[in-house]
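Novice: Just passing along the structure, written as structure tokens.
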Amino acid sequence: MPAVLEFDANARYGAALVGVLFAGYLSVSTDYSAFVQATNYAGVLGTDIPAVDLFEFLLTLGLFVTAFWIFPTSSARRLAAVTLTCVVLFLWATIGIERGVGNVVDPAGLWVFLLDQGLVSLLVGLGGWLIVRARSFATYAVMLVVFIPPIISRALIDSSVTSGSFTLAKIAAVIVLGIGGAWLAALADRWQRPRDSSREPNTPRP
């Protein structure tokens with residue numbers, strides 16, 4: 001008789017890891033511009049693309065929330081990661097919509113930088129991961145990598161690359177920075193404090 005598979009701590013860790021990676025990929029690879037345009041041209045555009053983009057946004061949000069919520073850690077940490085996800089993504093969408101209707105204009109360069117999808121994706125994915133992994137406060141310095149994707153975007157635009165190359169470069173940058181930042185935080189955490197005394201019960205090691 002085959003063994004019964006249990007959704008134990010290790011399985012939840014693996015599922016959460018896959019969920020965060022997939023949500024991060026969707027967050028940086030999808031284009032929500034039509035979702036913003038829908039607020040300007042509601043009832044005028046003869047297309048269903050805004051509805052598709054809204055679905056992608058909600059799917060990304062749902063994946064992040066689900067992944068962080070099933071992670072085997074304390075309820076407080078899961079709630080903190082979910083709160084970060086909801087606040088950042090809804091705030092990003094709200095400011096994007098307000099910019100689309102012309103209510104938020106200056107300084108334009110600052111908003112383009114802060115609303116970069118690579119920055120938002122890393123802020124949610126990497127930030128939430130550090131929270132549920134119970135990393136020490138010092139390791140949150142790796143969050144500085146979130147400011148790299150907007151710089152890459154500006155460099156790619158100035159270089160007049162094709163849209164396909166731009167998308168692939170952004171996806172690659174976010175993946176490398178996200179995974180690299182997570183492992184850098186793990187290594188710094190191990191160096192800073194003994195793992196056995198600091199790790200929460202039933203939380204798998206990296």
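The values are calculated or read from the model by the stated rules, or taken from the named source; none is laboratory data. Everything numeric here is computed off the predicted structure, so don't read it as measured data. All Cβ positions, even for glycine, are placed from backbone atoms using ideal geometry, and neighbour counts span all protein chains on display. These accessible areas exclude ligands, DNA and RNA; they are computed on the full protein's heavy atoms, side chains included. Shrake-Rupley method; radii C 1.70, N 1.55, O 1.52, S 1.80 Å.
Novice: Suppose we filter 121, 74 for residues that are of a type in the set (S, T, N, Q) and within 18 Å of residue 180 (Cβ to Cβ); which single one remains?
Specialist: Just one listed residue meets the conditions, 121.
Novice: Tally time: how many residues in region 68-127 are among the hydrophobic types (A, V, I, L, M, F, W, C), under 18 Å from residue 13 (Cα atoms) and free of Cβ contacts under 8 Å to residues at least 12 places away in the same chain?
Specialist: 2
Novice: Could you please find all residues in region 122-145 being open to solvent by 10 Å² or more (accessible area, probe 1.4 Å), under 13 Å from residue 88 (Cβ atoms) and among the β-branched types (Val, Ile, Thr)?
Specialist: The answer is 131, and nothing else.
Novice: Could you tell me which residue of region 66-79 is farthest from residue 16 (Cα to Cα), considering only residues that are assigned to a helix (DSSP H, G or I) and open to solvent by 40 Å² or more (accessible area, probe 1.4 Å)?
Specialist: 76
Novice: Is it the case that some residue within region 100-121 is surrounded by fewer than 15 Cβ atoms within 10 Å (Cβ to Cβ) and of a type in the set (Ser, Thr, Tyr)?
Specialist: No, that holds for no residue.
Novice: Looking at region 17-38, which of its residues are more than 21 Å from residue 119 (Cα to Cα) and either modelled with pLDDT of 60 or more or open to solvent by 60 Å² or more (accessible area, probe 1.4 Å) (or both)? If you could, list the steps in order and put the result at the bottom.
Specialist: Within region 17-38, the first condition is being more than 21 Å from residue 119 (Cα to Cα), and the residues that meet it are 37-38.
Of everything in region 17-38, just one residue is more than 21 Å from residue 119 (Cα to Cα) and either modelled with pLDDT of 60 or more or open to solvent by 60 Å² or more (accessible area, probe 1.4 Å) (or both), namely 37.
Novice: When residues of region 164-180 are filtered for being open to solvent by less than 60 Å² (accessible area, probe 1.4 Å) and in contact (Cβ under 8 Å) with a residue 24 or more places away in the chain, how many remain?
Specialist: The qualifying residues number 8.
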